[in-house]
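Engineer: Before I ask anything, here is the structure I am working with.
The values are calculated or read from the model by the stated rules, or taken from the named source; none is laboratory data. All values derive from a computational prediction rather than experimental measurement. Every residue, glycine as well, gets a Cβ built from its backbone with ideal geometry; the counts of neighbours run over all protein chains shown. Keep in mind that these areas ignore ligands, DNA and RNA; they rest on the heavy atoms of the full protein, side chains included. Shrake-Rupley method; radii C 1.70, N 1.55, O 1.52, S 1.80 Å.
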Amino acid sequence: WAVLGLALALVGLWAPCVVSMQPNFIVILADDVGWGDLGANWAETKETPHLDQLAAEGTRFVDFHSAASTCSPSRASLLTGRLGVRNGVTHNFAITSLGGLPLNETTLAEVLREAGYSTGAIGKWHLGHHGRHHPNSRGFDYYFGIPYSHDMGCTDTPGYNLPPCPPCPRHGTGAREARKDCYTEVALPLFENVTIIQQPVELGSLATRYADEASRFIQRASDSGRPYFLYVALAHMHVPLTPPLPPAPGRGIYGASLREMDALVGRIKEVADSHGKGNTLLWFAGDNGPWAQKCELAGRLGPFVGAWQRQRGGSSAKQTTWEGGHRVPALAYWPGRVPARRTSHALLSVLDIFPTLVALAGAALPPNRRFDGLDVSPVLFGCSDVGHKVLLHPNSGAAGKVGEIEALRLAQYKVFYTTGGAMACDGSTGPAVQHQPPLIFNLDRDIQEQEPLDVASREYQAVLPAISRAYAQALQDIAADNVSVADYSQDPAAIPCCNVQHVGCRC
């Protein structure tokens, strides 16, 4: 009886780590959000009560990273579990792009749909919109959103940006002078599936429309009796910012927009709870760090300031391989499964979402390719706090060749073979610098990345061989993989336009 009792107790302990039926999945990806924009991470932030409640009712990941420090590569990695050097997406697609995420790459939505899931995508896509690169051709039954960033086209209400952008031209108006940081005179399109339903989109009401469409998708999927996968890629906190109300004292326009994003996430959580609480995993994360050159319209880095780079010029946030460029806020919520009020220090990545959800759905990973992500369900369920032994950080525009792996993490050590700074608020940039031997920081003692280890120190000499082996093995693994190549060719005919007879495309 004692042995039987022990066995039953062990089964009880293990039960949260085992899933017996297909759960629902909601992945919410925020754009350009800072690690310090989450109140649960950074006490100075007061605008995220819903996200903070989500952290209190679930698990907060404090060492969670985007797979790249810019838009398209980060999203491609989330949906494939593979870095850009494998899936082919190493930099952003344009409004004139003919290609997108290579068609021979299998998306998370395709795997889950094959496993019986209803699949929906709402928000920013930015993985190709022309032809078969559209979300409806990449595994999503339903799509509602903008095919790329919401500053990649004009609107009648352009919101807050630095520098400010003018509204779209109208009939009878002369051609306007091109403005720096205003992408195009073609209006920003809003899609429902493959149909443009509004051009230019009304940015001020976009958050409400996204919440409404997410609610309707959850309702339809629940009514069908099938499990669902909903991918919500928010416009927040990317500029332009369009808060619906006058900003309150404090962080001004950015703070008001952050409150709007927080309320949107809160509403999606509420709807999900009302249609299957206990059988829905909600995973919130950022796509990369804040866009520092936008000054007061950019988010908070928290402690991840990249002090070494700042002393030499430029930003250490978005587009860089400094912690502020890729360490992002992340939360997981699943009542009864994911422990509440837990903080995990496991080294995790947005790359892990693909293999983890595939495993939880009882599906199989696509064959004939290697994955950079891990099945981290034991970490989700509180049964482990062990993540990656090695995590690779690709160049994302601030230094080196885009997509190349010239920075990595090994345990508490952050390693740079190339450093560089993106454009900062003051307009400065940090030049690319190659380091041989590499620059190494001990993040346990130096989270600000301020002082690299002395090359002659015992610590540096002790850790360098392991770093060199890990780096060489990673590059060899990539070289031996089934690697895709994205088509980055452009043609003005690829621009989404609902009325080619109208200046700027209006409908």
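Engineer: How high is the relative contact order of the stretch 20-146, in percent, counting Cα pairs under 8 Å that sit 6 or more residues apart?
Structural biologist: Relative contact order for the stretch 20-146 comes out at 16 percent.
Engineer: Determine, for each peptide in 271-284, 51-64, the mean count of other beta carbons within 10 angstrom over its residues, then list the peptides with the highest first.
Structural biologist: Order by mean packing, descending: 51-64, 271-284.
Engineer: Where nothing but the Cβ of Lys and Arg (+1) and of Asp and Glu (-1) is charged, how large is the charge dipole of the chain around its Cα centre, in debye to the nearest 20?
Structural biologist: In total the dipole reaches around 260 debye.
Engineer: Right, next: Hey, quick one: spin label on R342, modelled 7 Å out along Cα-Cβ, who in the stretch 385-404 has an amide N within reach, i.e. under 17 Å?
Structural biologist: 385-388
Engineer: In whole percent, how big is the carbon plus sulfur part of the accessible area of the chain, probe 1.4 Å, protein atoms only?
Structural biologist: 55 percent
Engineer: Assuming R0 = 30 Å, can you tell me the calculated FRET efficiency for the pair R216 and E44, based on Cβ-Cβ distance, to the nearest 0.05?
Structural biologist: Efficiency computed from Cβ-Cβ geometry: 0.25.
Engineer: Determine the gain in length on full extension of the stretch E404-D446; use 0.36 nm per residue of separation and subtract their C-alpha separation, reporting nm with one decimal.
Structural biologist: Working it through step by step, the gained length comes to 12.6 nm.
Engineer: Using 30 Å as the Cα-Cα cut-off, could you pick out the over-long pairs in K277/K414; K46/K401; K124/K401; K46/K294?
Structural biologist: K277/K414; K46/K401
Engineer: Accessible area per residue for the chain in Å², computed with a 1.4 Å probe and the full protein assembly in place, what is it?
Structural biologist: So the chain comes to 38 Å² accessible per residue, rounded to a whole number.
Engineer: According to the Cα gyration tensor, what semi-axes, each the square root of 5 times an eigenvalue, does the equivalent ellipsoid of the chain have, listed from largest to smallest in whole Å?
Structural biologist: They are 33, 29, 22 Å, listed largest first.
Engineer: Still on this model: So between Q434 and R469, what do we pick up on full extension, going 0.36 nm a residue minus the alpha carbon distance?
Structural biologist: 10.7 nm
Engineer: Let me have the relative contact order for the stretch 372-468, percent, based on Cα pairs under 8 Å that are six or more residues apart.
Structural biologist: Worked out over the stretch 372-468, it gives 17 percent.
Engineer: With an 8 Å cut-off on Cα pairs and a minimum separation of 6 or more residues, tell me the relative contact order of the stretch 194-291 in percent.
Structural biologist: After rounding, I find 29 percent.
Engineer: Given 0.36 nm per residue, what is the gain on full extension from R458 to A480 after removing their alpha carbon distance, in nm?
Structural biologist: The R458-A480 span can extend by a further 4.5 nm.
Engineer: Between V500 and I197, what is the label-to-label distance in nm when each label sits 7 Å out along the Cα-to-Cβ direction?
Structural biologist: A separation of 2.5 nm, rounded to one decimal place.
Engineer: Also, I was wondering about something else. I'd like to compare 119-129, 233-243: which one has the highest average count of other Cβ atoms within 10 Å, and what's the full order after that?
Structural biologist: For the peptides 119-129, 233-243, the packing ranking is 119-129, 233-243.
Engineer: Restricting to bridges with both residues inside the chain, how much of the DSSP beta-bridge set is antiparallel, in percent to the nearest 5?
Structural biologist: Roughly 55 percent of the beta bridges in the chain run antiparallel, per DSSP.
Engineer: Place a +1 charge on the Cβ of each Lys and Arg in the stretch 425-507 and a -1 charge on the Cβ of each Asp and Glu, then give the dipole magnitude about the Cα centre in debye, rounded to the nearest 20.
Structural biologist: It works out to roughly 180 debye.
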